[in-house]
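First up is the structure itself, then whatever we jot down about it.
The values are calculated or read from the model by the stated rules, or taken from the named source; none is laboratory data. Just so you know, these numbers come straight off a predicted model, no measurement behind them. Because the Cβ atoms are built from the backbone with ideal geometry, glycine has one as well, and the counts that use them run over all protein chains shown.
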Amino acid sequence: MHKITVHFTLQFEKIDLSLPALETLVRSICSQFGISNAVVDIAVVDDAHIRRMNRKFLKRNCSTDCLSFDLSDDKTSPGPFELVVNAQRAVREAEKRGHSQQAELALYITHGLLHNLGFDDSSCELADKMHRMEDEILQQQGFGQVYNT
């Protein structure tokens with residue numbers, strides 16, 4: 001049986017979002033990349049929480065948009081995946097960039113999942129490829145072009 005299970009933990013709730021739409025996004029990305037069985041846990045947090053996690057796991061003392069963790073025991077089967085997305089930043093960025101808070105958060109979720117699926121943004125060329133894929137996915141799912149607005 002094929003099943004993508006998506007769990008959300010809301011630690012920051014001052015954001016306008018639809019969990020079913022974000023769940024559909026996650027399932028669609030998994031399907032697009034041939035993943036039929038996975039658990040994806042998504043923590044929706046604020047600046048302070050993601051800063052603590054960034055410092056703990058990556059030794060960076062700053063806030064960020066998302067952190068992603070592939071918790072699989074081996075690389076032959078994907079997941080479970082854990083994403084931590086900064087909803088407080090999404091609210092600010094959506095206002096600045098002129099799109100919905102949900103679309104900005106969807107970008108962070110997509111970005112984190114793509115990292116788990118092997119995408120890398122460590123060089124300009126790789127980042128361009130990753131951001132094009134993000135916008136393609138987000139447009140397919142009805143969020144519009146979010147990264148390159």
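Tabulated results
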{"quantity": "Counted residues, the range 1-56 - those being of a type in the set (D, E, K, R) and more than 14 Å from Leu105 (Cα to Cα)", "calculated": "7"}
{"quantity": "Any hit, the range 5-25, residues being closer than 16 Å to Asn116 by Cα and in contact (Cβ under 8 Å) with a residue 60 or more places away in the chain", "calculated": "yes"}
{"quantity": "Selection status of Leu22, out of contact with any Pro (no Cβ under 6 Å at 6 or more places or on another chain) and modelled with pLDDT of 95 or more", "calculated": "yes"}
{"quantity": "For Leu83: the one exception among (1) touching a residue at least 24 places away in the same chain (Cβ under 8 Å); (2) of a type outside the set (D, E, K, R); (3) over 21 Å from Gly118 (Cβ atoms)", "calculated": "(3)"}
{"quantity": "Residue list for the range 1-45, filter: closer than 24 Å to Ser72 by Cβ, part of a helix (DSSP H, G or I) and among the small types (Gly, Ala, Ser)", "calculated": "Ser28, Ser31"}
{"quantity": "Residue satisfying all of: in the range 85-97; surrounded by 21 or more Cβ atoms within 10 Å (Cβ to Cβ) and not hydrophobic (A, V, I, L, M, F, W, C); nearest to Met53 (Cα to Cα) among these", "calculated": "Asn86"}
{"quantity": "Residue that is surrounded by the fewest Cβ atoms within 10 Å (Cβ to Cβ) [pool: residues in the range 98-149 that are aromatic (Phe, Trp, Tyr) and touching a residue at least 24 places away in the same chain (Cβ under 8 Å)]", "calculated": "Tyr147"}
